[in-house]
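Taken together, the values in this text are just the output of simple stated rules run on the coordinates, not laboratory data. Note that the coordinates shown come from a computational prediction; the quantities given were computed from them, not determined experimentally. Counting neighbours? That spans all protein chains shown, and the Cβs are built from the backbone with ideal geometry, glycine included.
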Amino acid sequence: MIYLITIQPIMIFLLMSFLLPYTTMHNVVVSNDSTSKAAIRIVDDLRKLEGIKVQETSEDKITEKLSGGNAELGVVIKDTYGSEVPSVSFIVIGESEIESTIELCVTESLRTWTEKTESVVSVNDAKKKWLSISNSLAFMIFKTLTAGNLLGALIIEERKNRMKDRILLSGTSKASYRLGMSIVYLIFMMLGSVIYYLVGLILNFDFGMRNSLGFLLMLFVSNVLSVSIYVFFAAFLKKEESLGFVGTFVLMPMALFAGVLFPYRFMPKAMQIIGACFPQRWIGLGIEKIQTTGSVLSCWKEALMVLGLSVILFIIGINCENSQKNKWRIKTNE
Amino acid sequence: MFFVQMWKEIKVFFTSKGNLLFMFVMPLLLITIFSFALRDYISADYGTFDNGCIYYYLNTQNESRSGEFNEIREKMTGAIGISFEQVYDYEEACRRVESSKAYGVITIKDNGYDYFRSSFNEPEGGKLARTLFSQIADNYMSGTTSRSGPAINKVRVEVNKLDSKNYYTFAGLAFSIMFMGLLVAFMVYDEKKFGTIERIKLGGAGILSMVISKVLTGVICGLIMIVTSFAYSRTVLKVDWGNKAGYIVIVLLCLVIFSAVFGCVVGLWGKNRTMCQSSVLMFSMLCGYLGGSITPLYLLENLPVLRFIVKISPLYYTNRAIISLYNGIIDEKTTYSILVLLGLTLAFIILGIHLGKKVTKKA
């Protein structure tokens, strides 16, 4: 249990942050055969553009890099005989979103390649962060939701060995018994979320938020949903092993459309529309809203939707468990 | 005897609905989902400057400064298509920037510019626009803006641009081939489980011919996967495998052999079906993640530490070689890929012989 709520999620979090690095940074390859001041200035200016990653290579490798998807645009700088200004060529395959940006940058560098003076633009500070928390977010939401598996297994096991009946004999009401059990599991899951959040903070992950507590809040909301999902499914399943199918065949396909393996914003519209129907996406959208607006309160609608669904699933789960149990009992007696 | 055994394996394999489903549906499903889902991302159509806007706030009476700003503004609007909007309430503009309504606020002063950006959620387009603005503004300040540089030549290369359809036709197929090892692992494990190895020995056939027949069945399955994917990608996705299609098939065939041999070794080693299943699945998933079958390879290669780690995955070499071959280039990547796959196959064959001896002894 301790391994499942602490070490395993952290390992997945760190692994997925590296393995799903869907950045929107543009890659440019530069081949510079010139030693002129202007050429040095061009490369220097290109490197200073944030959001552009410059890789230096030889001219013959440019086409290979472009065709392999490693870069969008190639810049070839060569000395021009009898001139202190080098010749510059762009190599592109198809269209590039940043071609005109690079063109403007290079044109400006060629016009003013003398020694640089102090910058006239002063920019306010922004803290330097490490990897973005968004890389692994959808995967971690999926992991958080499947964490309720343990609760589901316990519910089925207690029902099978009649432990629940014995507890109810002591005068505890059905609802308070199930609620109490769920709250205990919820607290453990929330503890796991706090650890995940703290690791993100300690390792200086970029939450993209003014107040990263909003992120933790949405994780807690997903913990509540996880408990409800498994209370719901445990009511209908007879074997603990069947709970594995909930993760694989119910939550995983939903997560796929909610952006677990591919970035949601780049998915085709049809997939986005399907994904928008699933609670994983509501949680993701809530976090994105906190990121874009800077306000924790902006996620209220998504949080309410998830909590509402949780309440519905929980109530159905408790009620159906009783009716299913009666059916099974009748069958057993027959 | 071997051919009888081989024929039996093929019959058993092809009568299983699960195997057929796996063989025909899995590669097509992976190719379709991945190529569809990452269509915009792989074409690098990020919409970097979509709805991009920068606010500006005039805090000077100096006309030459505001004239200079207007020139920069026109240049940037013309080149990258972002808009500039004048604001009169600076505080409100800053709040709107932090709510992602604009990239930043430029305050035009007598002695330069102040640029306000969000300290926590500045978008990529905003970063690019800000640094470009700083560069142009600095150039204006250096006072040498009258020099006109030479024109930039533009060369459009006529090669296939990597898009999600052609990338995932090969990456998805290679990923499915890795999973194919699971079928071979089950075939070998079942012989152990049901005690048929003893009967095979009694029949005069060695364990080696049994293992080879299973590996060959796996290879046939892999070949059918390649042919199915080829037909599907050509007809439905309109992916042209290029003039080096033969070489692509050779690289894929090496992967098929490796996957079948790996599955066979797992089947010989596994103590139960679950162990075989989880070992092949874990190995295939790891290879898929690191080898660029899920996240595009170029993204992984561009990351500082990961670009070294990815080299442990055989799929990395396969995908890299296929991308080159797809573009009509036969280079050292193809050789590396074949060598790595055959080398690993050889290593697993040696391991398999060792395990096979153990199993025979037990039998």
* To do: Mind giving me the nanometre distance, one decimal, between the label points for A:LEU179 and B:ILE250, set 7 Å out from Cα along Cα→Cβ?
  => 7.1 nm
* Structure fact -> The Rg/Rh figure for region B:214-296, Cα atoms and Kirkwood Rh, to two decimals is 1.03
* Structure fact -> Counting sequence-distant residues (5 or more places) and residues on other chains, those with an amide H built under 5 Å from that of A:ASP206 are A:TRP130, A:LEU131, A:SER132, A:ILE133
* Asked: Under the Karplus relation 6.51 cos²θ - 1.76 cosθ + 1.60, θ = phi - 60°, what is the ordered set of whole-Hz ³J(HN,Hα) values for region A:62-67, x standing for Gly and Pro?
  -> 4, 4, 4, 5, 5, 6
* For region A:96-173, what percent of Cα pairs sit more than 21 Å apart? -> 71 percent
* Per residue, what volume in Å³ does the convex hull of the Cα atoms of chain B enclose? -> 180 Å³
* Which three semi-axes in whole Å describe the equivalent ellipsoid of region B:53-155, each the square root of 5 times a Cα gyration tensor eigenvalue, listed largest first? -> 24, 18, 11
* **Convex hull of region A:196-332 built on C-alpha atoms - directionally averaged projected area, nm²** => 9.9 nm²
* Asked: Under the classification rounded if a/c is under 1.5, otherwise prolate if a/b is larger than b/c and oblate if not, where does region A:166-206 fall, given a ≥ b ≥ c as square roots of the Cα gyration tensor eigenvalues?
  -> prolate
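Can you give the Kirkwood hydrodynamic radius for chain A, in Å, rounded to one decimal and based on Cα pairs?
On the way: mean 1/r = 0.0421 Å⁻¹.
Roughly 23.7 Å, rounded to one decimal.
Please tell me the relative contact order of region B:209-363 in percent, rounded to the nearest whole number, where contacts are Cα pairs under 8 Å and at least six residues apart.
In percent, rounded to a whole number, it is 27.
Of the DSSP beta bridges with both residues in chain A, give the percent that are antiparallel, rounding to the nearest 5. Walk me through the intermediate numbers first.
Numbers: 6 of 17 bridges.
For chain A, the DSSP antiparallel bridge percentage is about 35.
For region B:311-354, calculate the relative contact order in percent as a whole number, restricting contacts to Cα pairs under 8 Å that are 6 or more residues apart.
About 35 percent, as a whole number.
Mind scanning A:LYS129/B:LYS101; B:LYS311/B:LYS358; A:LYS37/B:LYS109 and naming the pairs with a C-alpha gap bigger than 25 Å?
Going by Cα-Cα distance, B:LYS311/B:LYS358; A:LYS37/B:LYS109 fall outside the 25 Å limit.
Need one word for region A:270-310: rounded, prolate or oblate. Basis is the Cα gyration tensor (sqrt eigenvalues a ≥ b ≥ c); a/c below 1.5 gives rounded, then a/b vs b/c decides.
Working: a/c = 3.24, a/b = 1.32, b/c = 2.46.
In terms of gyration-tensor shape, oblate.
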* Structure fact -> The aspartates and glutamates whose Cα lies under 20 Å from the Cα of B:LYS192, excluding any fewer than 8 residues away in the same chain, are B:GLU9
* Dipole in debye (nearest 20) - region A:45-184, about Cα centre, beta carbon charges: Lys, Arg +1; Asp, Glu -1 -> 1940 debye
* **Scaled radius of gyration (Cα, divided by 2.2 N^0.38 Å) that the protein assembly as shown gives** => 1.13
* Considering amide H positions built from the backbone, and no H for Pro or chain starts, which residues 5 or more places from A:ASN124, or on another chain, come under 5 Å of its amide H? -> B:TYR115, B:ARG117
